[in-house]
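Okay, structure first, notes after.
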Amino acid sequence: MIAILQNTPDNVAAFEARGTVTQADFENVVFPTAEQKVKIFNELNYLLYLNTEIGDFTFKAWLQDLLLGIKNLSKWNRCAIVTDNNNVQNFTEIFSVLMPGEFRSFSKNELDTAILWCADGTENNH
């Protein structure tokens, strides 16, 4: 399932993935929230906290996530993927070269840093 991550800045579409993630999670939670942020802020700052194993994502869910990126391609500003999975971290770094905007991966113990970076591009409160 994907839930909206609470207590994050208004300009960040932040989500936590837990357990099995399906296409419906993207259709019912991610897409409407991301579209609302783009309407309000005219850009998309997106954070996905992967608190699940990658195997728990269905192929369709990953495809939907990719299609979201294509759909709002010109609106991407910053995207943070928070995970301890090295393969996902490496994929995020490679994917960042292909996409407009900034894409970064963060480890789970850097969640607060990732949220701050996603919101305004900084990595600390100083």
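Quick look at the numbers
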{"read-out": "Matching residues in region 1-57 - criterion: being on the phi > 0 side of the Ramachandran plot and of a type in the set (Phe, Trp, Tyr)", "value": "none"}
{"read-out": "Test: residue in region 10-32 that is crowded, with 21+ Cβ neighbours inside 10 Å, touching a Cys at 6+ places or on another chain (Cβ under 9 Å), at pLDDT 90 or above and in a loop (DSSP other than H, G, I, E, B)", "value": "yes"}
{"read-out": "Filter result (without any contact (Cβ under 8 Å) to a residue 60 or more places away in the chain and more than 16 Å from VAL82 (Cα to Cα)) within region 8-29", "value": "ASP10, THR20, THR22, GLN23, ALA24, ASP25, PHE26, GLU27, ASN28, VAL29"}
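The values are calculated or read from the model by the stated rules, or taken from the named source; none is laboratory data. This structure is a prediction, so every number in the text was calculated from the model and none was measured. Don't worry about glycine lacking a Cβ; one is built from the backbone with ideal geometry, like all the others, and counts go over all protein chains shown.
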